[in-house]
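One structure is given here, and the rest of the page talks about it.
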Amino acid sequence: MKRPKSQSISTDKFDDSEADIVDESAKGISSLILVQVITKLFTFVLNQALIRFVSPDIFGLIFYLEFLQSSTLFISRESVRLAVQRITHDQTKTQTLQKVMNFGFLPLVIAIPVTLLIGYYQGFKSVNFQEYLLLLPFHKFSIGILILSTILELAIEPIYCVYQYELEFGKRSKFEGVALTTKCITTFGAIYLARQYYTGMEFGGSAILSFMVGQLAYSAVLFISYGISFSKFNKRKNTHIRYGIISSNGAPKFDPSVLSILKSLFVQSIFKQVLTEGDKLLISYLCTIEEQGVYAVIVNYGSIIARLLFQPLEESTRLLLAKIVNSTEIPKGESLAQSFTYIKMISLFYFNLCLFIIFAGVTNGSFLLQVMIGTQNKWASSNIFHFFTIYVAYIPFLAFNGVFEAFFTVIVQPNEIQKYSKFMTFITVIVLVVSYILISVLELRLAGLILANIINMAMRIGYCYRSINKYYGTRISLLTCLRYTSGSIACTVVSWVVQYMFVFRSESFVTKTWSELFKSAVFSAILLANLMILERQNIQNSIKRIFKIKDE
């Protein structure tokens, strides 16, 4: 018997039609990218000012504390965020969203043992805590504020999951934009005041406390924003969901099939965190506190493109593909064709963007970093400029791993998740061993760490690439990839050779003067224009192909 339309979950805009799917995704991506660009550039400017106040060792400690919090949050909530996308539509929208809300409370429960384990083994048992942090004043206040900040972010997770399920990107981008701005202003103000009243170790302790206060301000703004917004959610959406774990019509509070997927994803998220953030874990054991501070600055500057553009694209792509692949409104063959074409288009976009990043970043990155942080301070004697150039070469691997894993999490089946977990276990061991050899035995230090990260990402990309081919029943050969990317590669190689001969006069590959920077910027702009033309042609060909498949 067909359900009345008034009770159907088909009121969800995302499932109405293919046009609505693409339109909703485009709006979400645009909103996320725009707000994140503005706020992260603002963050970038304020962090730029803070670096001149804070020494590498203090920056290393701040970096490590933020790593502990991000690890706790990621392991506690990532598997839930992925699993709730598998929740199928119930008889009414209220019942479906209440299920999503119920799952959103699980991170609060998961976080208890995760916090205890991370806090003990990576906190109080670590050298960073015993020999550095615990010797500084105000360390108890800093730790307490960090814990409170974590609790506030986990408390809004149920609401976040509902908004994510409803594809309400605008709300998230607006809230995070305001929160990030508040964090930056609070942190900078606290650091500036601390600089006026404290010196030596007291300033070090107050600087760390200032960063933690900024993080608390960020979490508090998110907590208040989501809370106020959710108070109007039911009226706006014509639903009746409540903030709590509620059972609808005697049904289980947690869908057993989704719970099974969540368990597998939870194990996977642990390995993913170890591999993705393993560099931070390793340097805490194998590198000095100053090297940790240097690496934190390299990551902050080097990954700005990843945070501004790649991250929102990955999240939007994952949610979009989840709706396309799991849609009951679109025929199976059409959804496969549509999702495969989208994957190809986003991969080509990533490839061209990464070519430009390598060309412009490797050439000009170290010089621009010298301009931004100066050469007359403690940072100048730390080889930071040399390591930054190496890190730029790592960005493409980071980008493709993120988007390929976004594809993989959508198409993967429960039994394949277990296989992937085993694979992650294997490469975890490999990467840890390789990292130890490169960092300590061969004494490559941070360069060895970056190289180990490249190996890690390459192996994960290979696994996801193989799984995507298997899912679509096709095999994308190297020759096929070259056919689509040969024009972009040729443009980049020619630009690099001409720049090497006429700008650097065959003496170097990197910018050393303002004159060389200006000339290189011109070459970069020309390359970008050519890549954009090629990208436009690739998109047009892909769109023509999707309509050809649908007509057949």
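Can you give the accessible area per residue of region 421-493, in Å², using a 1.4 Å probe?
Details: 3820 Å² over 73 residues.
Each residue of region 421-493 exposes 52 Å² on average to a 1.4 Å probe.
Would you tally the net charge around Leu282, using a Cβ to Cβ cut-off of less than 13 Å, leaving Leu282 out, and scoring K and R as +1, D and E as -1? Could you put the intermediate results ahead of the total?
Values: positive: Lys280, Arg445; negative: Glu277, Asp279, Glu291.
For residues surrounding Leu282, the net value is -1.
With the Cα gyration tensor of region 148-223 in hand, convert its eigenvalues to equivalent ellipsoid semi-axes via √(5λ) and list them largest first in whole Å.
Numbers: eigenvalues 198, 30, 7 Å².
Largest first, region 148-223 gives 31, 12, 6 Å.
Give the residues of region 403-444 whose amide nitrogen is closer than 14 Å to a point set 7 Å from the Cα of Tyr285 in the direction of its Cβ.
Within reach of a label on Tyr285, which here means backbone N under 14 Å from a point 7 Å along Cα→Cβ, region 403-444 contributes 428-441.
With label points built 7 Å along Cα→Cβ from the Cα atoms of Arg466 and Arg242, find their separation and express it in nm.
5.0
What is the local net charge at Ile246, summed over the other residues whose Cβ is closer than 12 Å to its Cβ (Lys, Arg +1; Asp, Glu -1)?
Residues close to Ile246 contribute a combined charge of +3.
Report the net charge of residues surrounding Ser421, where surrounding means a beta-carbon distance below 12 angstrom and charges are Lys +1, Arg +1, Asp -1, Glu -1.
Here the count lands on +3.
I need the GluC sites (Glu not before Pro) found in region 404-486, filtered to DSSP loop residues with at most 11 other beta carbons within 10 Å of theirs.
Hits after loop and neighbour filter: Glu443.
Calculate the dipole size of region 54-171 relative to its Cα centre from +1 charges on Lys and Arg beta carbons and -1 charges on Asp and Glu beta carbons; express the result in debye to the nearest 20. Each step should come with its number before you reach the end.
Working: 8 positive and 9 negative charges, 55 e Å.
So the magnitude is around 260 debye.
The values are calculated or read from the model by the stated rules, or taken from the named source; none is laboratory data. Given the structure is predicted, the values throughout are model-derived calculations rather than measurements. Cβ: placed from backbone, ideal geometry, glycine included. Neighbour counts: every protein chain shown. Accessible surface areas use protein heavy atoms only, side chains included; no ligands, DNA or RNA. Shrake-Rupley method; radii C 1.70, N 1.55, O 1.52, S 1.80 Å.
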